[in-house]
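The values are calculated or read from the model by the stated rules, or taken from the named source; none is laboratory data. Predicted, not measured: the structure shown is a model, and the values here were computed from it. Cβ placement follows ideal geometry from the backbone for every residue including glycine, while neighbour counts extend to all protein chains displayed.
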Amino acid sequence: MKLRVAVIYGGRSGEHEVSLRSAESVIAAMDPERYEVLRFFIGKDGRWQPHPILPEPGANPGIDVVFPVLHGTFGEDGTLQGLLELADLPYVGGGVLASAVSMDKDVMKRLCREAGLPVVEHVVQWRGRLNAVEIERRFGYPVFVKPANLGSSVAVSKARNRAELEAALELAAQYDRKVIAERAISGRELECAVLGNEQPEASLPCEIIPSREFYDYEDKYILDAARLIVPAELPPEITAEVRRLAVACYRVVECEGMARVDFLWEQPSQKLYINEINTIPGFTSISMFPRMWEATGLPYPRLIDRLIELALERHRVRRELRYSI
């Protein structure tokens, strides 16, 4: 019998359109001889079509495994994962803790720093208490400002003066109560894909060369002008260090299934910094997660197979746990 895979996509976040594109790519890559795809679309208003998944064990008998393709808030932040845990359904990607921690860039950076992993210096501010002067005194210019809990570079700004900084803070605060400002790094943007549960492995890294001043939302999904170099042309020791740090970051946030770890390689100092980790990376036709695994020897259809295998494997292990005395 075919494995019945529920693909959940859309969602209430600012990354709704990206999710639609990712989902179509994932579905197209699934072997129709092996999988029966069940579509679950979530509108921008949060309504499910054809119906929501019920948060009770055994209440969703038509589903064998779930493949969430929801980016950002209400999909990648642990909320959906909590629903799937309540429903006792296997699902692709990180669990509740890993998803929530990785989505919050502030908490992720604090955990990485505690583990001795390199992250860029940053400050956190809250909506209603935004203070451009504090950031200006700490870092000078330029400085990057972003919502703490969002992806795809939505509402990320590079500020070069006080007026731009104040505007950037107000923009980011429209998308999240918590805002991050960090020192701008002059260097190269690298990414590395990670796959696995208890024994994660890292792909060959890639490099992003933006067509704009930095790799923003338009450059990622609209302009189609950024250069994507897969695998990245790096010294062997840098490639090895990126892969090591990617797995280390993955372990720190206790991720399972998959993630993409993004890096900044500062050129004056030659220092690598972990920028963020994405537990549901993009799966569009231009997305780097599947392309990096392709370059590492794992084709897109086999990558989908492996992600589903990891989801079922983790679910079997979790079902061995005791929940009562």
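In segment 134-153, what residues are in contact with a strand residue (DSSP E or B) (Cβ under 8 Å, 6 or more places away or on another chain), surrounded by 20 or more Cβ atoms within 10 Å (Cβ to Cβ) and assigned to a loop (DSSP other than H, G, I, E, B)?
Of everything in segment 134-153, those that are in contact with a strand residue (DSSP E or B) (Cβ under 8 Å, 6 or more places away or on another chain), surrounded by 20 or more Cβ atoms within 10 Å (Cβ to Cβ) and assigned to a loop (DSSP other than H, G, I, E, B) turn out to be 148, 149, 151.
Within segment 230-325, which helices (runs of 4 or more DSSP H) (wholly inside it) include 2 or more residues that are surrounded by fewer than 18 Cβ atoms within 10 Å (Cβ to Cβ), in contact with an Asp or Glu (Cβ under 9 Å, 6 or more places away or on another chain) and not aliphatic (A, V, I, L, M)?
Output list reads 300-318.
So which residues in segment 25-75 are closer than 17 Å to residue 4 by Cβ and of a type in the set (S, T, N, Q)?
Matches in segment 25-75: 60 only.
Looking at segment 166-191 only, could you name the residues that are in a loop (DSSP other than H, G, I, E, B) and not charged (D, E, K, R)?
174, 175, 184, 185, 186 - these are the residues of segment 166-191 that are in a loop (DSSP other than H, G, I, E, B) and not charged (D, E, K, R).
Would segment 49-67 turn up any residue that is within 24 Å of the chain's Cα centre (by Cα), within 21 Å of residue 18 (Cα to Cα) and touching a residue at least 40 places away in the same chain (Cβ under 8 Å)?
There is at least one residue in segment 49-67 that is within 24 Å of the chain's Cα centre (by Cα), within 21 Å of residue 18 (Cα to Cα) and touching a residue at least 40 places away in the same chain (Cβ under 8 Å).
For residue 60, work out the one condition from (1) under 19 Å from residue 154 (Cα atoms); (2) in a loop (DSSP other than H, G, I, E, B) it doesn't fulfil.
Exception for residue 60: condition (1).
Give segment 40-92 a look and list any residue that's polar (S, T, N, Q), modelled with pLDDT of 95 or more and either buried (at least 20 other Cβ atoms within 10 Å of the Cβ) or on the phi > 0 side of the Ramachandran plot (or both), or say none.
Across segment 40-92, the qualifying residues are 60, 81.
Which residue out of 294, 320 is of a type in the set (Asp, Glu) and within 23 Å of residue 64 (Cα to Cα)?
320
Inspect segment 113-120 for any residue being under 30 Å from residue 265 (Cα atoms), part of a helix (DSSP H, G or I) and not aliphatic (A, V, I, L, M) and give the result as yes or no.
Within segment 113-120, one or more residues are under 30 Å from residue 265 (Cα atoms), part of a helix (DSSP H, G or I) and not aliphatic (A, V, I, L, M).
Name the residues in segment 177-211 that are of a type in the set (S, T, N, Q) and over 29 Å from residue 142 (Cβ atoms), would you?
Matches in segment 177-211: 197, 199, 203.
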